[in-house]
Structure formats: structure tokens, C-alpha cells
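Report on the structure given below.
The values are calculated or read from the model by the stated rules, or taken from the named source; none is laboratory data. For clarity, every value in this text was computed on a predicted model and none was experimentally measured. Here the Cβ is made from the backbone with ideal geometry for all residues, glycine too, and neighbour counts use every protein chain on show. To get the accessible areas, we keep the full protein, side chains included, count just its heavy atoms, and leave off ligands, DNA and RNA. Shrake-Rupley method; radii C 1.70, N 1.55, O 1.52, S 1.80 Å.
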Amino acid sequence: MKHRWWRLLGAACVAFLLLPPAPALAAPTFKVPFPCGQAWSGQTRTNHSPANAIDFNRTNDDGDPVVASAPGTVDVVTNLGNTSYGRYVRINHGGGYTTYYAHLSAFNVSVGQSVGYGRVIGYVGTSGGSTGPHLHYEQRLNGSAVQVRFNGALALYWGTKTYTSDNACSGGNATVNTAGTPLTVRSGPGTSYASVGTVADGTRVTIACQTTGTSVTGTYGTSNIWDRIGSGRFIADAYVYTGYDGFIPGVPRC
């Protein structure tokens, strides 16, 4: 009986040791932390503290609104005075991910508040250890600053790049890419529906909703997603640059 108990205990220990680790949670889809359509110059540099942070600037930006780059809960709203981050906000996005927004001139949220894409959390300033108005922005995982990504794409390291925000845009703003030929617009989500016109290559469109239909092979691979760009007007998503593989987060289904 004693030997049987030890065998059972040993088997249980082996089973425990062989259990695979829990998979890491996927990062949120972070957006540029400014209102839809705004273009900002973002700079990364090796002597930044922390190095993976981005400093954002544009002309006459003092007092411009700063928005949440992903949904979450505000867990820090504080003022460090004339040192370090000065006035800053931290948002907890779950799964160990947080974002920092520093050197603000004023706050527009409070601790415990839930925020979504595009929610104004504060205003660009020059508080703390700043030498001029700008937004110091960080993405962190389990407390450590990681290299910033917007819509899953890595920011430029190292140097300066212009980032255009699609944060909380009305519908999905996207660009038709057909390598030169007009794209057929259909009355429904499929190639069997009647042609109701065309849109030129390079046209910017607003996607009101998305649905599935005929699979089409286009510039961005094969997809059965169709984008409604107006009443009774659908185009194949395989020819549209949306910044996403699959459905666009936040855009409703038709």
C-alpha cells in the first residue's frame, strides 16, 4: 500500500511538471495617441530614458489633446512637479500591458476611469523634466518599456518618422490599391452582384461596415471580406489597404 501511494504521488508530480506554460496574452491593438487624421512626428533615440519611448511633436502642439491609444483603465494620474515625467497618465490595458503619457499640461481623466480608443486623457505640455512641449509616450509589458507598435507594426528605431493617427476614426479609413486599374464596385458582397461603378486606384474610402462574401484574390492576398463604402456599394477587401489582416477592429459587421 505504501509503495502504491508513492507511485501515485510520483505520477502526479510528473504530470504537474509536464504541464505546458500558459500562453502569453496578445498585445492590444495600440493606436497613435492623437485624434483621427492628425499627423505627428515621432522620434526615437538610444539616449532616451527609457530608450524604447517615443517623443511626439508637431507645430504649435502645446495644449493639443492626447487620447488613449487602446481601451483600458486609468490607474495613475499624478504630477511629479518639475522633475521626470511631470504630469502623466498611465493606462492599464490588461495582460501586463500599460501605456504612459508624460509631460502633460493638464489631465482629462481620473483614476479608475475606463477609457476607449480616442478618449481624451490630457493635453500636450512641457511639465516635468521637459525642455519644450511634446508628448513622451511609452508602451510597457510587466513594467518594462518595450518597443512601440501601432496597429501591430513596429515603430521606427532609431530616428524620426511621421505617424498619421487612425485612432477612433469614424468607420474604417482605407486606401484602394489595384496597381493602376479601377476597382469594380458591386451592389452586394460578391462578384455575382451587379456592377454599380468603379473606384480609382489610390482612392481613400470610408468603410461603414464589413461582411463576408465571394473569395477574391487581390493585392493583399485572398479574402472573402467585403467592405461597404456606401448604400448598396461594396468592394473586395483584398484590394483595400486597411492596416489589418482580416476584419478591422471597431468597424461593425454588415
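Got the relative contact order for segment 84-183 handy, in percent, Cα pairs under 8 Å and 6 or more residues apart? Mind dumping the intermediate values first?
On the way: 139 pairs, mean separation 23.5, N = 100.
Answer for segment 84-183 is 23 percent.
The portion of the accessible surface of the chain made up by carbon and sulfur, rounded to a whole percent, is 54 (1.4 Å probe; DNA, RNA and ligands excluded). Calculated from the structure at hand, log10 I(q)/I(0) by the Debye sum over Cα atoms at q = 0.11, 0.13, 0.14, 0.16 Å⁻¹ is found among (1) -0.70, -0.86, -0.94, -1.09; (2) -0.61, -0.84, -0.96, -1.23; (3) -0.52, -0.74, -0.87, -1.18 as (1).
Scanning residues 5 or more positions from His134 or on other chains, those with amide H under 5 Å from its amide H are Gly125, with H placed 1.01 Å from N in the peptide plane. Per residue, the chain exposes 51 Å² of accessible surface when a 1.4 Å probe is rolled over the protein heavy atoms with every protein chain present.
Find the relative contact order for the chain and round it to a whole percent, using C-alpha pairs within less than 8 Å whose residues are 6+ positions apart.
Working: 617 pairs, mean separation 43.0, N = 254.
Value for the chain: 17 percent.
Let a ≥ b ≥ c be the square roots of the eigenvalues of the Cα gyration tensor of segment 24-143; is it rounded (a/c under 1.5), or, if not, prolate (a/b larger than b/c) or oblate? Mind dumping the intermediate values first?
Values: a/c = 1.33, a/b = 1.28, b/c = 1.03.
Cα axes put segment 24-143 in the rounded bin.
Given the Cα-Cα distance of Asp245 and Asn151 and 0.36 nm per residue of separation, how much length would full extension add, in nm? Walk me through the numbers before you get to the answer.
Working: separation 94, 0.36 × 94 = 33.84 nm, distance 1.05 nm.
Full-extension gain reported as 32.8 nm.
Normalised by residue number, the volume inside the convex hull of the Cα atoms of segment 117-222 is 191 Å³ per residue.
Each of the peptides 70-80, 232-242 was scored by the mean count of other Cβ atoms within 10 Å over its residues; in descending order, highest first, they stand as 232-242, 70-80. Across segment 144-151, rounded Karplus estimates of 3J(HN,Hα) from the backbone phi angles (6.51 cos²θ - 1.76 cosθ + 1.60, θ = phi - 60°) give 9, 5, 10, 5, 6, 10, 10, 6 Hz, Gly and Pro being marked x. Pairs of Cα atoms nearer than 8 Å and 6+ residues apart set the relative contact order; for segment 175-254 it is 32 percent.
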